[in-house]
Amino acid sequence: MSLLEVRKNFIQFSGRYDLIVDRIAYADKGANFFIRAGQDYLDRLVEISTAGARYFIDVQPNSWYVLVPRSRVIEAVTLSNTEGNKWNLSRVDLAYCKYCYIKDPLQRSGGPSRQYAIGILRTVPEVAGTITISKFGPTTYTTTGESFLYTGVLFTSPADQVYSAEVIGKFYEPYLALDSDVNRWTEVYPFVLAMAACRALEISYRNTAGVKDWEYAIEAELHGVELDTADQESNFIREMRG
């Protein structure tokens, strides 16, 4: 199903026809807000097989960080070079990464990094549309974007050539914006997504009983999904250590 089709179901479930423009095109007039809230709730509620994903991005020469969108948890990072070599990076804490950059990164010799850290992108006060990575004296490293939309991965060595970074972890499902947009929830579990939107609506009413009723129904629907995920992750285990 597309976002439009899920929106139709949500409106029919909830009876809130004031959240669409009309009953012909079902154009959004507030319904998408609750659908997206429902999706975020589902992403955090249950571990489905597609929660795990990989994000690929090139690391340009002299670069020492990448920004990862819509990530929930970053579990591993690998780098590969133009010769086809690939290696895993070990994670270090942010303090150690900062120790590696006592000086401006561009004043350090570049090379293939073997370690990474998760950075802090938020600054106070925040500047809309600008992410500040770090500051070294008069030199400030910034990029375009909003800090709350990304997770920063910092490398302990600036790149001396183009590397391909592979970030492995858990990610939110794709954002639903256009009526034709789809993701895992709309295509495989549209009924559950419509119910999650109804749950979000009940929260806006401050109706605790209604929220609990929807949560019970949602969890009952997703119980089998969690069992499938557990089976997938454990089906190669043939013995247990005592």
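Inspect the stretch 113-134 for any residue being of a type in the set (Phe, Trp, Tyr) and under 24 Å from the mean Cα position of the chain (by Cα) and give the result as yes or no. Scanning the stretch 113-134 turns up at least one residue that is of a type in the set (Phe, Trp, Tyr) and under 24 Å from the mean Cα position of the chain (by Cα).
Scanning the stretch 143-174 for residues that are part of a loop (DSSP other than H, G, I, E, B), among the small types (Gly, Ala, Ser) and either over 18 Å from the mean Cα position of the chain (by Cα) or over 29 Å from VAL124 (Cα atoms) (or both) turns up SER157, ALA159.
Figure legend. Inter-residue proximity from the stretch 10-36: first residues at negative phi, second residues hydroxyl-bearing (Ser, Thr, Tyr) and in a loop (DSSP other than H, G, I, E, B), beta-carbon distance below 8 Å, spacing 6+ or different chains. Indicated pairs: ILE11/TYR26; ILE20/TYR26; ARG36/TYR175.
Being surrounded by fewer than 16 Cβ atoms within 10 Å (Cβ to Cβ), among the aliphatic types (A, V, I, L, M) and touching a Leu at 6+ places or on another chain (Cβ under 8 Å) is the filter here, so list the residues in the stretch 178-217 that pass it. Result: LEU178, single match.
Let's see how each residue does on (1) assigned by TED's automatic domain parsing to the domain that holds ARG70; (2) out of contact with any Leu (no Cβ under 8 Å at 6 or more places or on another chain):
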| position | (1), (2) |
| --- | --- |
| TYR101 | yes, yes |
| GLN107 | yes, yes |
| GLY111 | yes, yes |
| GLN115 | yes, no |
| ALA128 | yes, yes |
| THR132 | yes, no |
| LYS135 | yes, yes |
| ILE168 | no, yes |
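Here GLY84 meets each of (1) out of contact with any strand residue (DSSP E or B) (no Cβ under 6 Å at 6 or more places or on another chain); (2) at negative phi with one exception, condition (2). Selection of first residues in the stretch 99-128 that are touching a residue at least 12 places away in the same chain (Cβ under 8 Å) and in a loop (DSSP other than H, G, I, E, B) and of second residues that are of a type in the set (Lys, Arg) and surrounded by 12 or more Cβ atoms within 10 Å (Cβ to Cβ), restricted to Cβ pairs under 9 Å at least 6 apart or on distinct chains, gives the following pairs, ordered by first then second residue: TYR101/ARG108. Considering ASP18, ASP28, the condition of being exposed (fewer than 14 other Cβ atoms within 10 Å of the Cβ) and at pLDDT 95 or above is satisfied by ASP18 alone. Of all residues in the stretch 66-74, none satisfies being at pLDDT 95 or above, surrounded by 15 or more Cβ atoms within 10 Å (Cβ to Cβ) and part of a helix (DSSP H, G or I).
Residue-wise test of (1) more than 19 Å from ASN88 (Cβ to Cβ); (2) of a type in the set (A, V, I, L, M).
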residue	(1), (2)
PHE155	no, no
PRO158	yes, no
SER164	no, no
GLY169	no, no
ASP179	yes, no
ASN183	yes, no
THR186	yes, no
TYR189	yes, no
VAL192	yes, yes
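Every condition in (1) surrounded by 13 or more Cβ atoms within 10 Å (Cβ to Cβ); (2) of a type outside the set (Phe, Trp, Tyr); (3) in contact with a helix residue (DSSP H, G or I) (Cβ under 7 Å, 6 or more places away or on another chain) is met by CYS100 except one, and the failing one is (3). It is to be established whether one or more residues within the stretch 164-171 are touching a Phe, Trp or Tyr at 6+ places or on another chain (Cβ under 6 Å) and among the hydrophobic types (A, V, I, L, M, F, W, C). For the stretch 164-171, residues touching a Phe, Trp or Tyr at 6+ places or on another chain (Cβ under 6 Å) and among the hydrophobic types (A, V, I, L, M, F, W, C): present.
The values are calculated or read from the model by the stated rules, or taken from the named source; none is laboratory data. Since this is a predicted model, take the numbers as computed values, not measurements. Positions of Cβ are generated from backbone atoms using ideal geometry, with glycine treated the same way; all protein chains shown enter the neighbour counts.
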